[in-house]
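For reference, the structure is listed below as structure tokens.
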Amino acid sequence: MMDPADGNPDRSQQRLQTAASFKAFMLKNNTQGNINLYDHLTRLLIKVMDEHPQNAVDVIEDMSCDVKRGLFEDKQSTLQDLPHTTAAELLAEQQRLLFTRPEEAEQEEELVETPLPNVSEIGFYLEQAGVGLGREEMQRVFLALKQLVESQALPRCRLWGKILGTESSYIVAEAEYREGEEEEEQSAEEDAEEEEREAETENEMDSLPQSTYKPLPEVPKEAIGTGANKFLYYVCKEPGLPWVKLPSVSPAQITAARRIRKFFTGRLDSPVVSYPPFPGNEANYLRAKIARISAGTQVSPQGYFQAGEEEEGDEEDEASRDSYEVNPDFEGVPVAEMAESLSTWVHHVQHILQQGRCTWVNLSVKPGDDSNEEGEAEEKEEEPDEPEPEVGPPLLTPLSQDAGQSLALGMFPSNQ
């Protein structure tokens, strides 16, 4: 019997439009799996026709799941093969080299003098005081220092400390210069300064007009191995990562570091944006801070150190003496007395003057002024503008004589 609606063209057109809209709905992709119902039903019916299951109605749900699972089998296997390495695993892989020992070292077990102190003992004493890095990190730091000594052939090296930063931290190692290294580094710095002067003179010749302003004479750096540049410093972000040597510090950098306060970022090449401006990047700022902290916070019990043999009788140069040695006759000081009085503690590192150096230099005397005429000498003596030499406290001065004492942990005298 024929449906009277089939002969109606409007009704047929309406049913075709409904079917087209329904098919469009079925072709709409799912937001989660990026598949559509039309393709899924097509694959499901093809699977039913290929397998001819006896109870197709009962197993249709399982077959639907198998069809969906088959779409992700290739991608899932690919994802499983992709390596997923975290930052902690990468660091552990780099630190694994710290625990390896070369075969040559295993064969040679002779007792030789080590350039490193007993880091484990130092860590134990720090734990007794309630500070320190912890036993596990101290052991890794010890292995990193050992790696540094072997790679750079350093005569002496010790852990100076750890400075925290916003992005990463700095582990600082203090080392002594090798024989001949002072001259090489000093000559390299002189060459760099000459190049800068030549570039400045070229710029001055090209630029017009020239200014008549004469800046104040620059305070020269202290020689390598003396004063604030007595030691060499290396830094690394984590034990096992490469060590980076810090440059020597200049008086201008120390003077500018006293006037600003900046957080460390953990990137040595990061610029130091401040007012007044700092002459250098974060590596220079870190080196200036290390010099100031070393000069102001390294103390020892009174009597533990004594002046060196070469300087015991030198009273005139007492303020600039820079050598000391362990007193073999030191018997110790009671803990109660050391905790109550600051006079039982002394500074064993040179004081940094306001000039930014440990030893004062007269900037009014030019290096080329070596006249032997008596008249010129008398005129110089009569000059009223001759600056008075700045003299700091000598070594092994008690803490009770410090100006602006601060007992807070982590603080150091502002004049450093």
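Within the range 158-180, can you find the residues that are assigned to a strand (DSSP E or B) and of a type in the set (A, V, I, L, M)? Lay out the reasoning, then the answer.
First, the residues of the range 158-180 that are assigned to a strand (DSSP E or B): 158-163, 170-175.
Matches in the range 158-180: 159, 163, 171, 172, 173, 175.
Could you grab the pairs with beta carbons closer than 7 Å, sequence gap of 6+ or different chains, first residue in the range 53-64 and among the small types (Gly, Ala, Ser), second one open to solvent by less than 40 Å² (accessible area, probe 1.4 Å)?
Going by the 7 Å Cβ cut-off, the qualifying pairs are 56/48; 64/44.
Does residue 78 fit the bill of being modelled with pLDDT under 75, surrounded by fewer than 10 Cβ atoms within 10 Å (Cβ to Cβ), polar (S, T, N, Q) and part of a helix (DSSP H, G or I)?
Details: modelled with pLDDT under 75: yes; surrounded by fewer than 10 Cβ atoms within 10 Å (Cβ to Cβ): yes; polar (S, T, N, Q): yes; part of a helix (DSSP H, G or I): yes.
Yes; evaluated as a whole, the condition is true for this residue.
Residue 136 versus (1) open to solvent by less than 80 Å² (accessible area, probe 1.4 Å); (2) charged (D, E, K, R); (3) at pLDDT 85 or above: which is the lone unmet condition?
Tallying (1) open to solvent by less than 80 Å² (accessible area, probe 1.4 Å); (2) charged (D, E, K, R); (3) at pLDDT 85 or above, residue 136 fails exactly one: (1).
Could you check the range 256-300 and list, in sequence order, the residues that are open to solvent by 30 Å² or more (accessible area, probe 1.4 Å) and closer than 17 Å to residue 399 by Cα?
293, 297, 298, 299 - these are the residues of the range 256-300 that are open to solvent by 30 Å² or more (accessible area, probe 1.4 Å) and closer than 17 Å to residue 399 by Cα.
Answer yes or no as to whether residue 143 is among the aliphatic types (A, V, I, L, M), at pLDDT 80 or above and surrounded by 15 or more Cβ atoms within 10 Å (Cβ to Cβ).
Values: among the aliphatic types (A, V, I, L, M): yes; at pLDDT 80 or above: yes; surrounded by 15 or more Cβ atoms within 10 Å (Cβ to Cβ): yes.
For residue 143, the condition - among the aliphatic types (A, V, I, L, M), at pLDDT 80 or above and surrounded by 15 or more Cβ atoms within 10 Å (Cβ to Cβ) - is met.
Can you tell me which residues in the range 327-347 are surrounded by 10 or more Cβ atoms within 10 Å (Cβ to Cβ) and among the β-branched types (Val, Ile, Thr)?
Across the range 327-347, the qualifying residues are 333, 344, 346.
The values are calculated or read from the model by the stated rules, or taken from the named source; none is laboratory data. In this text, all values refer to a predicted model and were calculated from it rather than measured experimentally. FYI the Cβ positions are ideal-geometry reconstructions off the backbone, even for glycines, and counts take in every protein chain you see. Accessible surface areas use protein heavy atoms only, side chains included; no ligands, DNA or RNA. Shrake-Rupley method; radii C 1.70, N 1.55, O 1.52, S 1.80 Å.
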